[in-house]
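Take a look at the structure set out below.
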């Protein structure tokens with residue numbers, strides 16, 4: 001029998017906690033969707049309603065969705081959420097959504113208590129007493145306020161609270177977030193549910209463990225869902241992978257390769273270090289398989305790859321557009337077709353496209369789509385800024401690299417594209433044995449309203465790297481001060497063929513270090529974007545150090561020439577050290593640049609003591625009064641820019657000061 005916190009003790013706790021400090025208050029919080037069932041198929045379980053009617057979950061297969069809402073008839077929090085559930089049920093039944101309600105607390109009198117709730121609140125859906133705890137176990141319910149959304153094939157899409165109006169020790173006049181409603185709206189509109197797994201504050205369930213049973217997984221009831229969640233983004237028709245995994249025959253044919261790359265943790269590609277034991281991954285787009293997914297996939301292959309019953313198959317997502325981000329508002333193609341030769345190497349191709357927007361645009365999502373993805377290694381797209389700079393100094397607008405072909409910002413966050421901007425395309429092609437042509441496109445989807453926060457990409461680069469011959473563990477560091485108020489969303493490390501590992505560290509004003517991202521096994525072939533679940537606000541006075549380790553020895557099979565002294569360069573046989581940081585600032589809040597950071601007394605001038613490079617002070621102090629204004633700083637930067645082609649030293653100085661006076 002399901003046990004729970006007794007009503008008397010819970011009521012006492014509720015009354016006491018409402019008067020205590022906020023540290024004892026518990027609201028909905030994200031949990032790991034991979035380890036809490038999101039994407040899994042739920043068995044076609046039978047049930048009996050409190051009115052004696054028999055049914056099973058597949059009875060709702062003709063509905064657009066099924067909401068399974070847990071209710072504890074004797075739980076105070078459940079009763080508080082009842083009116084909200086009734087409102088949602090009434091609204092979404094008209095949209096083809098079915099509702100059933102489950103009471104896991106099978107104590108004496110529960111049936112009569114439920115009938116009172118139904119009569120008083122006006123519920124229409126079936127009520128179930130889960131006496132054998134089958135539904136509770138299958139869904140993994142943890143509290144009496146958990147709600148679940150299943151699609152028509154019984155795939156779990158959402159688990160969490162109705163909303164955040166009530167929690168342990170608090171209640172609001174109205175909710176701030178309508179989690180269940182938001183999830184239903186996303187599902188019905190064909191969009192990904194943003195917050196798919198949350199802890200729902202309620203009476204905690206203490207569910208007795210069922211007897212262990214040996215489950216035989218088939219392609220349709222389990223494996224297809226693992227592949228859909230982790231592999232099909234790339235392994236599909238038109239995807240960047242060399243073969244598809246959308247259908248049983250494709251998966252059956254490639255099972256040997258799947259076993260090898262999954263067993264050796266090569267696939268799915270994910271190279272960030274694992275979180276400490278007991279800690280959840282901090283990454284929103286963590287591609288690594290969970291232990292249970294990996295075990296089930298390998299067991300299926302070992303068990304003979306059974307197909308199973310097609311009736312257990314998940315609902316196949318029908319793409320409304322060839323674009324992952326949905327149909328773009330604007331599409332730009334390369335100005336000409338690129339002839340890609342059959343063999344050998346190709347130098348980078350650099351092209352530009354002039355946009356014709358008469359006013360600034362806010363970009364909600366970007367996607368780069370080659371017409372010949374098999375030969376495109378990576379694409380970087382830059383947009384001209386006010387100072388005319390582009391490439392690594394300015395950060396990129398969009399990218400296409402293996403494992404990272406599109407970016408979609410959350411609501412309220414967007415990138416700015418200035419009116420009449422020019423798009424600069426850097427194309428890297430890798431011949432594959434057959435001559436072909438490519439005319440890559442970029443799609444832009446615009447925000448419907450000006451954003452609350454502005455997204456931008458900051459490069460942390462070291463253009464003076466110098467990697468000696470035959471060294472297998474050579475270290476280089478790039479550093480950059482981060483403006484106050486910056487919120488970091490994601491990291492995108494970039495090195496070339498000799499890149500071995502890379503680490504981002506936050507260095508506070510007192511010198512303390514904290515690892516933000518550690519990639520102990522960097523792979524040039526998979527330049528991933530690592531997106532934080534919880535964007536990180538950077539403290540004032542901080543900087544980020546990016547440390548790259550390079551293997552220039554003969555033991556590196558990808559090394560073009562272990563005898564070479566390697567420096568910065570565009571081609572793959574050269575090297576780079578760039579730690580891109582995708583961040584956001586509040587709209588209307590001026591981003592503090594390096595001038596403002598150096599101006600310690602905030603008098604609007606820089607003295608020689610405040611200046612980053614005292615030896616260059618005379619170049620900027622044009623009136624020789626011992627003070628540098630912002631205007632003098634811009635003029636000084638132009639002087640350095642004019643010397644860019646004269647000497648390597650001048651170029652490195654320019655690059656280190658490139659953002660000094662923006």
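Any read-out appearing in this document is the output of simple, stated calculations on the displayed coordinates, not a laboratory observation. Here the structure is a predicted model, which is why all the values come from computation and not from measurement. For neighbour counting, all protein chains shown are included, and Cβ atoms are generated from backbone atoms with ideal geometry for every residue, glycine included.
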Over region 455-586, consider all pairs of different Cα atoms and compute the Kirkwood hydrodynamic radius from their mean reciprocal separation; express it in Å, one decimal. 15.2
Cβ-Cβ FRET estimate between residue 254 and residue 194, R0 fixed at 41 Å, reported to 0.05: 0.80
What is the packing order of peptides 125-133, 499-507, taking the mean over residues of other C-beta atoms within 10 Å and listing the highest first? 499-507, 125-133
Please state the shape class of region 62-104: rounded when a/c is under 1.5, otherwise prolate if a/b exceeds b/c and oblate if not, all from the C-alpha gyration tensor. oblate
Any chance you could run the full-extension gain for residue 51 through residue 173? It's 0.36 nm times the residue separation minus the Cα-Cα distance, nm to one decimal. 40.4 nm
Alpha-carbon radius of gyration plus Dmax, which is the widest Cα pair, for region 321-364 in Å: 15.2, 44
Label residue 263 and residue 305 with points 7 Å out from Cα along Cα→Cβ: what is the distance between them in nm? 1.5
For residue 26 and residue 316 in the same chain, what is the full-extension length gain: residue separation times 0.36 nm, less their Cα-Cα distance, in nm? 100.7 nm
Suppose R0 equals 30 Å; then what is the FRET efficiency for residue 510 and residue 185 from their Cβ-Cβ distance, rounded to the nearest 0.05? 0.05
Segment residue 624-residue 343, length gained on full extension (0.36 nm per residue, minus Cα span): 95.3 nm
Measure of size requested: the Rg and Dmax of region 330-451, with Cα atoms as the atom set and Å as the unit; please supply both. 14.9, 47
What FRET efficiency comes out for residue 119 versus residue 90 if R0 is 22 angstrom and r is the Cβ-Cβ distance? Round to the nearest 0.05. 0.85
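With a/c under 1.5 counting as rounded, go ahead and sort region 424-502 into rounded, prolate or oblate using the C-alpha gyration tensor (a ≥ b ≥ c being the square roots of the eigenvalues; past the cut-off, prolate if a/b is larger than b/c, else oblate).
Because a/c hits 1.5 or more and a/b fails to exceed b/c, region 424-502 counts as oblate.
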Highest-first arrangement of 219-227, 135-143, 430-438, where packing means the average Cβ count within 10 Å: 219-227, 135-143, 430-438
Once the mean of 1/r over all distinct C-alpha pairs in region 219-312 is inverted, the Kirkwood radius in Å reads 14.1
What shape does region 3-206 take by its C-alpha gyration tensor, where a ≥ b ≥ c are the square roots of the eigenvalues and a/c under 1.5 counts as rounded, a/b above b/c as prolate, and the rest as oblate? oblate
List residues of region 338-376, by number, whose backbone nitrogen lies under 17 Å from a label position 7 Å along Cα→C-beta of residue 435. 338-347, 375
The exposure ranking of 327, 267, 585, fewest beta-carbon neighbours within 10 Å first, is 327, 585, 267
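Of all the C-alpha pairs in region 97-205, what % are more than 21 Å from each other?
When all Cα pairs of region 97-205 are counted, 42 percent exceed 21 Å.
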